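Chemist: Got a structure for you, written out below as structure tokens; questions coming shortly.
The values are calculated or read from the model by the stated rules, or taken from the named source; none is laboratory data. Since the model is a prediction, treat every value here as computed from it, not as a measurement. Cβ: placed from backbone, ideal geometry, glycine included. Neighbour counts: every protein chain shown. The accessibility values were calculated without ligands, DNA or RNA, using every heavy atom of the protein model including side chains. Shrake-Rupley method; radii C 1.70, N 1.55, O 1.52, S 1.80 Å.
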Amino acid sequence: MNIAIIGAGNVGGALGRSWTKAGHRVIYGVRDQQAEKTKVLLAATGDDAVAASPAEAVQAAEWVALATPWNATESAVRSVGADAWRGKAVIDCTNPLQFTPGVGLELALGFSDSGAENVARWATGATVVKAFNTYGWENFADARYPNAAGLRPVMFIASDDAVAKMQVTRLAEELGFEGFDAGGLRAARELEPLALIWIRSAMSGARTPHFTWARLTR
Ligand SMILES: NC(=O)c1ccc[n+]([C@@H]2O[C@H](COP(=O)([O-])OP(=O)(O)OC[C@H]3O[C@@H](n4cnc5c(N)ncnc54)[C@H](OP(=O)(O)O)[C@@H]3O)[C@@H](O)[C@H]2O)c1
């Protein structure tokens with residue numbers, strides 16, 4: 001699969017490296033293709049990963065992972081061009097977070113809307129899938145948990161498009177996750193706050209980013 005990654009930072013880089021290892025071709029959509037950090041990223045990703053402008057990357061791929069800071073996400077989506085998103089499938093990994101003095105990190109929106117639904121409105125004609133937002137990037141770089149007694153970490157996946165949801169399930173499984181169907185895109189309203197639980201847990205107590213949720217059944 002050709003996968004464009006817009007937002008080639010912690011999350012985009014981890015997904016790019018992992019999907020490349022799984023055999024996909026990654027096209028990083030970056031604002032400065034000559035920047036030293038872009039060269040480092042390409043060297044770390046290996047194989048035939050390339051860097052292009054965000055618009056070129058989206059044009060070259062059927063799948064686009066969006067991993068930009070929330071306050072840059074609308075402009076990143078719009079910078080690609082109004083018609084460029086038609087027919088594309090977008091994995092929205094962003095979280096609509098803001099830092100409020102006296103409060104700390106909190107959601108910039110919620111209850112009656114979600115970041116993912118905003119992305120769907122901005123990326124006209126695209127199919128949007130919410131996934132890869134509830135854990136830190138370290139878990140996308142390496143989803144092995146030797147003490148998990150065979151349990152796999154779950155990847156919550158929300159979309160109104162059943163086929164796209166299945167494809168993202170496969171992309172998550174290739175990285176070691178078990179897909180968890182969270183419902184339609186509206187369920188992003190629940191998945192985005194879940195990311196805050198993970199962030200607060202990672203920043204307190206044992207202070208490790210290497211943990212995820214798993215499904216226990218009987
Ligand atoms: N950090 C995590 O572990 C984690 C986990 C799950 C979800 N998330 C969510 O994923 C998103 C990215 O987080 P991150 O930690 O990966 O951020 P990050 O390391 O700061 O990377 C963000 C990337 O976005 C790029 N970018 C910014 N504005 C852009 C634009 N207009 N067009 C194209 N690229 C642009 C930046 O590139 P430049 O060098 O050009 O500025 C940078 O490479 C956030 O919404 C976050 O809430 C984060």
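Chemist: Grab the beta carbon distance between R200 and A149, set R0 = 22 Å, and tell me the FRET efficiency rounded to 0.05.
Modeler: Numbers: r = 26 Å, r/R0 = 1.18.
The pair R200/A149 has a calculated efficiency of 0.25.
Chemist: Need one number: nm distance between label points at A55 and Q34, each 7 Å from Cα along Cα→Cβ, rounded to one decimal.
Modeler: In this crude label model, A55 to Q34 measures out at 1.9 nm.
Chemist: Continuing with the same structure: Which one, N71, T134, I91, is farthest towards the positive end of the dipole of the chain when Lys and Arg carry +1 and Asp and Glu -1 on their Cβ?
Modeler: Working it through, the farthest residue towards the positive pole turns out to be T134.
Chemist: Continuing with this model, one more query. Do the sum for the chain: with -39,500 (n - 2.57) for every DSSP H run of n ≥ 4, divided by all residues, what is the mean residue ellipticity at 222 nm, to the nearest 500 deg cm²/dmol?
Modeler: One gets -10500 deg cm²/dmol as the mean residue ellipticity at 222 nm.
Chemist: If you wrap the chain's Cα atoms in a convex hull and average its projection over all directions, what's the area in nm²?
Modeler: 12.7
Chemist: Give the aspartates and glutamates whose C-alpha is closer than 15 Å to that of K165, dropping any in the same chain fewer than 8 places away, or say none.
Modeler: E62, D92, E173, E174, E178, D181
Chemist: Another one. Once you have the Cα-Cα distance between H210 and S75, take 0.36 nm times their residue separation minus that, and quote the gain in nm to one decimal.
Modeler: My answer for the length gained is 45.5 nm.
Chemist: Counting Lys and Arg as +1 and Asp and Glu as -1, each charge on the Cβ, what is the dipole of the chain about the Cα centre in debye, to the nearest 20? Could you put the intermediate results ahead of the total?
Modeler: Numbers: 21 positive and 22 negative charges, 73 e Å.
For the chain, the charge dipole is close to 360 debye.
Chemist: Between E138 and E62, how many nm apart are label points set 7 Å from Cα along the C-beta direction?
Modeler: The modelled label-to-label distance comes out at 3.5 nm.
Chemist: Same structure, new question: Could you sort the peptides 84-91, 151-158 by per-residue average Cβ neighbour count (10 Å cutoff), highest mean leading?
Modeler: Values: 84-91: 19.9, 151-158: 21.9.
The peptides rank, most packed first, as 151-158, 84-91.
Chemist: Still on this structure, please answer the following. Please list, in order, the residues from the range 59-100 whose amide nitrogen is less than 16 Å from a point placed 7 Å along the Cα→Cβ vector of D161.
Modeler: Counting only backbone N, you get 59-66, 83-93.
Chemist: Right, here's the next one. So how do 18-25, 187-194, 129-136 stack up, highest first, on mean other-Cβ count within 10 Å?
Modeler: Details: 18-25: 16.6, 187-194: 21.6, 129-136: 26.4.
Per-residue mean Cβ counts within 10 Å order the peptides as 129-136, 187-194, 18-25.
Chemist: Could you report the chain's accessible area per residue, 1.4 Å probe, as an integer in Å²? Write down the numbers at each step before the final one.
Modeler: On the way: 10670 Å² over 218 residues.
That works out to 49 Å² for each residue.
Chemist: What relative contact order, as a whole-number percentage, does the range 76-218 give when Cα pairs under 8 Å and 6 or more residues apart are counted? Could the numbers behind the result be given before it?
Modeler: Values: 233 pairs, mean separation 38.0, N = 143.
The normalised contact order for the range 76-218 reaches 27 percent.
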